[in-house]
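A.B. asks: Mind looking over this structure? Questions follow.
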Amino acid sequence: MANIHFLMRIYAPLSAAIFFIVFVTLVAPARAQKFGGLALTPPMGWNSWNKFGPDINEQMIREMADAMVSSGMKAAGYEFINIDDTWQGYRDSLGFIHPDSTRFPHGMKELADYVHSKGLKIGLYSDAGDKTCAGRPGSRGHEYQDALTYAKWGIDYLKYDWCNTEGLNPVGAYTTMRDALYSAGRPIVFSVCEWGNASPWLWAGSIGNLWRTTGDISPNFDRNIDHGTWVQLAVMSILDLQNGLREYAGPGRWNDPDMLEVGNGMSGNEDRAHFSMWCMLAAPLIAGNDLRDMTPETKAILDNREAIAVDQDSLGIEGFRYSSADSVEAWFKPLAGGDWAMCLLNRSVGPKKAGFNFAEEAVSDSLSGRNADFGKILYALRDIWTGKVLGTTNGPLEVEIPGHDVLMLRLVKE
Ligand code: GLA
């Protein structure tokens, strides 16, 4: 009897331990999910599409990585070098994808190693359909193979587009790629690029780290470009399309109002307003210009640490439009530690005088449960674009804002 008791005492915990190990190593990983811990603040980087479209090659991608470091952008927080459409060449007889050998003669692994050697990360683009938007091979039917290939190459970010997907269910298609990425075992930021057609904010939070909320952006402040079969949206149109979406975003899951057009042809004021509003939206900051050839003004916008700090704030709460009068909108974003970001956006072409009498305004946010409480709490008004302090919330703010520009402030709790 003593022996049986002894054996029971040994075997019961032992079999429980064996069961636990088998479950953790074999059964649990089989249940695919989204990688945890990625994109806890909105992703920051660069992408080839907005400026270069299909004209890409490995040399320029290397140069862009170099420029991200030498321009100070890496030090400001930019991390990803993302290659968009047209990197793909062909699928081999086993179905594995190979890069276009004319544009990427040394292959993706070598390029990824180079980008990593700069302390940066690298992203690729694919599509849920059998062809990408530019007609290159898409991932449909090859999702697990492609995810394994990306992991083998050392890819860190995947933008997954929605062209040529007739008959596909977006939730199913994006879940398949999420599961494939998870099974491949390499943490890869997953960017859902479904253009907002099927309201991805409702379902993509458990699938991806960011989801496009609209069609493609254009370097225009407030005029859309009609291409006949599709409309390329102006910055202000995209801003307006974010209404009602802020409750879906947060650490690890962001609304994506598309990549930046800073430095791609708008005026300095417009670029500054565009960048400021993307920061107020806690949007991914993916530059879309030629980093090798930036004017000092473009660089100063993309590198503004105080604006970036608003975007990257650890609270991860999107800003909101508080008021709108005579083409000037007042936006607020609660920040960690009790500060607020405030932005007065002048949407008209000409300058506008604007005022904000803090004593008379009740700025609060039910999403974060925060109340600015201007009656009780005093804030210093720090101008994010000039670095000057414009007084405090003690008195009314009276300013003139140039056309298509902003006054962006950090309200620093005294
Ligand atoms: C779609 C996407 C763009 C870009 C192109 C590439 O239009 O929305 O961001 O990736 O495809 O073909």
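The values are calculated or read from the model by the stated rules, or taken from the named source; none is laboratory data. In this text, all values refer to a predicted model and were calculated from it rather than measured experimentally. Positions of Cβ are backbone-derived with ideal geometry, glycine not excepted, and every protein chain shown enters the neighbour counts. To get the accessible areas, we keep the full protein, side chains included, count just its heavy atoms, and leave off ligands, DNA and RNA. Shrake-Rupley method; radii C 1.70, N 1.55, O 1.52, S 1.80 Å.
A.B. asks: Suppose we keep just the DSSP beta bridges with both residues in the chain; what percent of those would be antiparallel, to 5? Display every interim value, and only then the final one.
C.D. replies: On the way: 40 of 64 bridges.
Roughly 60 percent of the beta bridges in the chain run antiparallel, per DSSP.
A.B. asks: Hey, another quick one. Sort Tyr322, Tyr125 by heavy-atom solvent-accessible area, probe 1.4 angstrom, most to least. Don't skip to the answer; put the middle values down first.
C.D. replies: Numbers: Tyr322 65, Tyr125 0 Å².
So the residues, ranked largest to smallest area, are Tyr322, Tyr125.
A.B. asks: Now, a different point. Roughly how big is the chain's charge dipole about its Cα centre, with Cβ charges of +1 (Lys, Arg) and -1 (Asp, Glu), in debye to the nearest 20?
C.D. replies: Numbers: 37 positive and 50 negative charges, 270 e Å.
That gives the chain a dipole magnitude of about 1300 debye.
A.B. asks: By how many degrees, between 0 and 90 and to the nearest 10, does the Cα long axis of helix 268-280 differ from the longest principal axis of the chain?
C.D. replies: 50 degrees
A.B. asks: Take the alpha-carbon centre of the range 139-186, take the same for the range 84-107, and report the distance between them in whole Å.
C.D. replies: 16 Å
A.B. asks: Over the range 153-237, what is the percentage of antiparallel beta bridges among all DSSP beta bridges, to the nearest 5? Spell out each step's value before the answer.
C.D. replies: On the way: 2 of 9 bridges.
If we restrict to bridges inside the range 153-237, about 20 percent are antiparallel.
A.B. asks: Let me ask another. What part of the accessible area of the chain, given as a whole %, is carbon or sulfur when the probe is 1.4 angstrom? All intermediate terms of the calculation are to be shown ahead of the outcome.
C.D. replies: Working: 9500 of 17570 Å².
Carbon plus sulfur share of accessible area: 54 percent.
A.B. asks: For the peptides 158-166, 391-399, what is the packing order when you average, over each peptide's residues, the other Cβ atoms within 10 Å and list the highest mean first? Walk me through the numbers on the way to the answer.
C.D. replies: Working: 158-166: 20.3, 391-399: 14.9.
Highest to lowest by the protection proxy: 158-166, 391-399.
A.B. asks: How far is helix 143-153 tilted off the main Cα axis of the chain, in degrees rounded to 10, range 0 to 90?
C.D. replies: So the helix axis and the longest Cα principal axis differ by about 80 degrees.
A.B. asks: Then there's this: Name the cysteines of the chain that stand alone by the Cβ rule: no other cysteine Cβ under 4.7 angstrom.
C.D. replies: Cys193, Cys279, Cys343
A.B. asks: Quick one: the Cα spread of the range 270-323 along its three principal axes, in angstroms, biggest first?
C.D. replies: Principal-axis extents of the Cα atoms in the range 270-323, largest first: 36, 25, 17 Å.
A.B. asks: Turning to a different aspect of this structure: State, as an integer percentage, the relative contact order of the range 320-413 based on alpha-carbon contacts under 8 Å between residues 6 or more apart.
C.D. replies: It rounds to 33 percent for the range 320-413.
A.B. asks: With the alpha-carbon atoms as the only input, what is the per residue convex hull volume for the range 362-414 in Å³? Write out the running numbers ahead of the final one.
C.D. replies: On the way: hull volume 5.8 nm³, N = 53.
That works out to 110 Å³ per residue.
A.B. asks: Remind me, relative contact order of the range 68-115 in percent, using alpha carbon pairs under 8 angstrom and six or more residues apart? Don't skip to the end; give the middle numbers.
C.D. replies: Values: 29 pairs, mean separation 10.5, N = 48.
With pairs under 8 Å counted, the relative contact order is 22 percent.
A.B. asks: What whole-number value in Å² describes the accessible area per residue of the range 320-413 for a 1.4 Å probe?
C.D. replies: Result: 45 Å² of accessible area for each residue.
A.B. asks: So if I average 1/r over every pair of distinct C-alpha atoms in the chain and take the inverse, what Kirkwood radius in Å does that give? List each step's numbers first, then the result.
C.D. replies: Working: mean 1/r = 0.0436 Å⁻¹.
It is 22.9 Å.
A.B. asks: Taking R0 as 45 Å, what FRET efficiency do you get between Lys109 and Ser368 from their Cβ-Cβ distance, rounded to the nearest 0.05?
C.D. replies: My answer for the efficiency is 0.55.
A.B. asks: With Cβ to Cβ distances under 9 Å as the rule, what net charge do the other residues near Asn50 carry (K, R +1; D, E -1)? List each step's numbers first, then the result.
C.D. replies: Details: positive: Lys51; negative: Asp84, Asp216, Asp258, Glu261.
Spelling it out: positives minus negatives among the neighbours equals -3.
A.B. asks: Given Lys34/Lys333; Lys299/Lys352; Lys121/Lys299; Lys353/Lys376, which pairs have Cα atoms separated by over 23 Å? Could the numbers behind the result be given before it?
C.D. replies: Details: Lys34/Lys333 28 Å; Lys299/Lys352 26 Å; Lys121/Lys299 21 Å; Lys353/Lys376 27 Å.
The answer is Lys34/Lys333; Lys299/Lys352; Lys353/Lys376.
A.B. asks: Moving to a separate point now. With the contact rule set at Cα under 8 Å and sequence spacing of 6 or more, what percent relative contact order holds for the chain?
C.D. replies: Working: 874 pairs, mean separation 53.3, N = 414.
Computed over the chain, the figure is 13 percent.
A.B. asks: Between His98 and Ala198, what is the FRET efficiency for a Förster distance of 30 Å, r being their Cβ-Cβ separation, to the nearest 0.05?
C.D. replies: Numbers: r = 31 Å, r/R0 = 1.05.
Given R0 = 30 Å and the Cβ-Cβ separation, E is 0.45.
A.B. asks: Grab the eigenvalues of the alpha-carbon gyration tensor for the range 320-413, scale each by 5, take roots, and send me the semi-axes largest first in whole angstrom.
C.D. replies: Working: eigenvalues 88, 42, 30 Å².
Each semi-axis is √(5λ); the values are 21, 14, 12 Å.
A.B. asks: Still on this model: Can you compute the helix-only [θ] at 222 nm over the chain? Use -39500 (n - 2.57) per DSSP H run of at least 4 residues, normalise by all residues, nearest 500 deg cm²/dmol.
C.D. replies: Values: 11 runs with 112 residues, N = 414.
Roughly -8000 deg cm²/dmol at 222 nm, from the helical runs in the chain.
A.B. asks: Another one. With point charges of +1 on the Cβ of Lys and Arg and -1 on the Cβ of Asp and Glu, referenced to the Cα centre of the chain, which listed residue (His116, Gly265, Gly45) lies farthest in the positive direction of the dipole?
C.D. replies: Checking the options against the dipole of the chain, the answer is His116.
A.B. asks: Which order do the peptides 177-187, 240-250 come out in when sorted by mean C-beta neighbours inside 10 angstrom, highest first?
C.D. replies: Numbers: 177-187: 19.4, 240-250: 16.5.
Ranking the peptides 177-187, 240-250 by packing returns 177-187, 240-250.
A.B. asks: OK, next. How far, in degrees from 0 to 90, does helix 58-70 lean away from the longest principal axis of the Cα atoms of the chain, to the nearest 10?
C.D. replies: Rounded to the nearest ten degrees, it is 50.
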